[in-house]
Amino acid sequence: RQEGGTRTFSKGIWKHVYLVDVRSAAIEHLVPHVFFLGEYPTAPLQDGQHGGFEVRARLHFSAPAAVSGELMVEGEWGRNATVRVSLTPGRSNVTVAVAAPASMVRLWWPAGLGAQPLYRLQ
């Protein structure tokens, strides 16, 4: 309790915590950015009839020592991209672009206006 009897709540850890021994590199988090590849739309887009998208996945790494290898990012819609990476000790990031053609993805609509399909990256 704070001064005057006001009730306060902890702002500490609220989910599971894990300790992981990282020997080569760990992905700390992934940030997907989606870019529309078609012309500027002047009418609502239709599934399968637009310019498609490019998903740029930025992966943030932590590595205790320098490491290199191949990194593959795969979209649940059936496309993937592989890049060669060389990570330095400490934190770094790599961006990988994966195509998402109109024929392979369905459009996402706001609540009440249509479906909201979600796609995984791995």
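Only the coordinates and a few stated rules stand behind these numbers; no lab work does. This structure is a prediction, so every number in the text was calculated from the model and none was measured. Note that we place each Cβ from the backbone using ideal geometry, even for glycine, and neighbour counts take in every protein chain shown.
Figures for the structure shown
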| read-out | value |
| --- | --- |
| Sole exception among (1) under 30 Å from residue 65 (Cβ atoms); (2) without any contact (Cβ under 8 Å) to a residue 24 or more places away in the chain; (3) surrounded by 12 or more Cβ atoms within 10 Å (Cβ to Cβ) for residue 25, by number | (2) |
| Residue in region 99-112 that is surrounded by 12 or more Cβ atoms within 10 Å (Cβ to Cβ), touching a Leu at 6+ places or on another chain (Cβ under 9 Å) and of a type in the set (D, E, K, R) present | no |
| Residue list for region 53-82, restricted to those being free of Cβ contacts under 8 Å to residues at least 40 places away in the same chain, closer than 15 Å to residue 30 by Cβ and surrounded by 13 or more Cβ atoms within 10 Å (Cβ to Cβ) | 58, 59, 60, 61, 71, 80, 81 |
